[in-house]
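Everything on this sheet refers to the single structure shown next.
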Amino acid sequence: MTINQESFIELNRTFYRLSSDYIQSADADDIDIREALRLRIGDAFGWDTLLKEYRVILLAEAGSGKTMEISQTALKLRSEGNPAFFIRLEHIPNGLESAFEEGSFEEFQEWLRSNDEGWLLLDSVDEARLRDPKDFERAIRKIASHLRPALQRTHIIITGRVNAWRAKTDLALCNNQLEFKHPNEEETSEADGEGEFFPEDESPDSENKKSETKDKSDKAGFKVYSLTDLSPEQTKTFLRGKGINDTSKILDDIERHDAWTYTTRPQDLEEILEFWNENKKVGTRLELMEHSVKRRLNERDQDRAVSEPITVEKARHGAKLIAASSTLMHESTIRVPDGNISTNGINAKFILADWTEKECFTLLGRPIFDEAIYGSVRFHHRSVREFLTAKWLTDLLKREASRRRIESLFFREQYGIQVIAPSMKPILSWLVLFDEKIMKKVCDIEPEIIFEGGDPSGLPLETRQEILNSVCDKIASNFSNRSVSDYAAVQRFADPHMADDIKALIKEYKEYSDVTNFLLRMIWQGRIKQALPEAKSFALNNQTEKYARIAAIRAVKEVGTKQDYDEILQ
């Protein structure tokens with residue numbers, strides 16, 4: 001056994017199905033997989049439903065836990081007395097006998113001689129292609145030759161990373177070699193043979209029959225699914241499974257640091273827990289980002305690390321180049337070398353001109369990248385791409401590249417007024433942390449940008465004080481961007497070190513409900529205990545605007561005593 005079964009945490013994972021139209025469309029490679037999942041067929045469902053299907057492709061990003069999930073599913077099926085086998089695809093070309101992780105070759109042969117239904121869980125496409133790109137095809141052909149007498153009673157699930165899956169050729173290979181005919185197909189074929197004959201293009205029911213053919217094909221062929229992101233409740237379950245009995249503190253810190261985007265899959269949570277265990281805190285967004293990038297660029301699987309050697313420094317340099325290219329070319333997808341026939345997306349080999357094709361493929365297979373379309377990848381978090389772009393620009397500035405040219409990407413003049421290019425604002429919210437001149441320029445033109453992303457806690461206290469004063473003035477004058485009042489924006493900016501400034505601003509703008517609401521939320525999110533009297537005053541005042549009063553009550557509950565809160569309730 002290569003998987004530590006004791007480390008498995010039951011999260012009751014769910015799945016989405018991708019439509020057959022998406023898979024079969026000639027333009028499928030142009031469709032964003034995230035958009036396709038939003039347009040999924042039906043609701044999310046669990047393993048019980050998935051195991052009723054006969055042909056399944058389960059595609060998921062690196063670190064999503066798919067291998068552990070199917071291994072445990074095989075164990076569960078076997079514990080219930082079902083013939084179920086978990087097999088490593090990469091081992092099949094060397095001999096099926098040695099490829100079994102759950103179950104054995106002898107049990108497999110015994111099941112083939114029976115008439116029982118069985119489950120074959122094959123992991124994984126990307127591992128099968130590590131040694132030789134043709135090994136996946138060899139594995140499918142070999143397993144198909146063994147399954148011939150049992151194909152119509154075998155439930156088959158094949159897993160893989162999306163960047164290793166070839167939407168057209170792999171699907172055709174699996175459908176041809178592991179063909180499944182739906183039980184209704186033969187009955188329909190016999191029924192179609194009865195009655196009056198019509199040429200297909202003249203039949204009054206030809207359109208209906210075409211639709212029926214499509215439906216039958218949909219039932220018979222492999223269906224493609226993806227794992228859903230972890231929910232907050234699954235996050236709690238995972239943390240408890242890792243020994244965090246009191247999850248409230250870490251979850252509260254995740255909330256306050258706007259870090260939910262780093263909890264969407266088990267590997268994400270492993271990173272937060274590792275940082276938490278080392279530092280006894282979730283960390284700032286900048287700390288989490290640096291930690292996450294470093295961890296995702298370092299291949300943790302030793303077998304992969306040996307077969308796909310690449311240093312973290314080189315991987316980071318390549319990731320920054322690709323991130324900058326993606327940002328400046330306004331193209332989120334990156335083509336994987338030999339991934340598919342698509343001509344859309346950034347050509348990674350062109351960007352990394354001095355890299356070998358294998359090195360490019362290795363980098364794009366690291367978990368910093370996530371699926372976007374078949375045969376292509378994208379950065380797992382958009383914020384990662386923005387962060388790495390900012391770091392690349394910072395490197396250029398440190399090497400004394402043309403500051404004027406770099407700043408022209410962000411700052412423009414319209415009708416004699418300095419403005420900021422909208423598409424580059426997310427990059428600026430990170431870049432201000434690394435370059436003082438650009439930070440000062442942003443503060444002069446549009447300081448609200450610093451609320452919109454990045455990590456304001458990384459700025460000097462004096463700068464944050466100036467920005468807070470400027471933003472409050474703009475809110476009162478109705479000139480402020482609404483983003484400064486967004487929940488996440490307040491979370492990013494709140495800081496106990498700014499208590500005196502917040503107290504003074506509340507007093508100055510007490511007649512402006514939008515400003516007081518903004519500042520009261522900052523007291524709540526920043527746990528600013530020094531401002532308890534101000535929060536309590538607004539919470540007790542029946543004349544306080546509704547949402548400002550709600551924020552005040554939450555602030556009192558957070559930073560006050562039980563007696564303070566009970567007083568408000570009375």
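The values are calculated or read from the model by the stated rules, or taken from the named source; none is laboratory data. Model, not experiment: these values are computed from the prediction. FYI the Cβ positions are ideal-geometry reconstructions off the backbone, even for glycines, and counts take in every protein chain you see. All accessible areas refer to the heavy atoms of the entire protein, side chains included, with ligands and DNA or RNA removed. Shrake-Rupley method; radii C 1.70, N 1.55, O 1.52, S 1.80 Å.
Data table
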{"item": "Alpha-carbon radius of gyration plus Dmax, which is the widest Cα pair, for the stretch 409-471 in Å", "result": "11.1, 34"}
{"item": "Reach of residue 358 by Cα under 21 Å, taken over lysines that are not fewer than 8 positions away in the same chain", "result": "134, 294, 314, 320, 349"}
{"item": "Residue-span extension gain [residue 116 to residue 400] - 0.36 nm each, minus C-alpha spacing", "result": "95.2 nm"}
{"item": "Gyration tensor verdict on the stretch 53-105 (Cα atoms; rounded if a/c is under 1.5, prolate if a/b is larger than b/c, oblate otherwise)", "result": "oblate"}
{"item": "Gyration tensor (Cα) of the stretch 98-144, equivalent ellipsoid semi-axes in angstrom", "result": "24, 11, 9"}
{"item": "Quotient of C-alpha Rg and 2.2 N^0.38 Å, computed over the stretch 521-570", "result": "0.97"}
{"item": "Rounded accessible area of residue 474 (nearest 10 Å², 1.4 Å probe)", "result": "50 Å²"}
{"item": "Candidate lysines - alpha carbon under 19 Å from residue 437, same-chain residues fewer than 8 apart omitted", "result": "391, 398, 425"}
{"item": "Exceeding the 19 Å Cα-Cα cut-off - candidates 52/142; 236/281; 536/557; 66/181; 507/536", "result": "52/142; 66/181"}
{"item": "Theoretical gain in end-to-end length, residue 330 to residue 82 [0.36 nm per residue, Cα-Cα removed]", "result": "84.3 nm"}
{"item": "Accessible surface, 1.4 Å probe, highest first, among residues 385, 55", "result": "385, 55"}
{"item": "Distant alpha-carbon pairs in the stretch 245-296 (separation over 17 angstrom), percent", "result": "21 percent"}
{"item": "Using a Förster distance of 30 Å, the FRET efficiency for residue 562-residue 9 (Cβ separation, nearest 0.05)", "result": "0.30"}
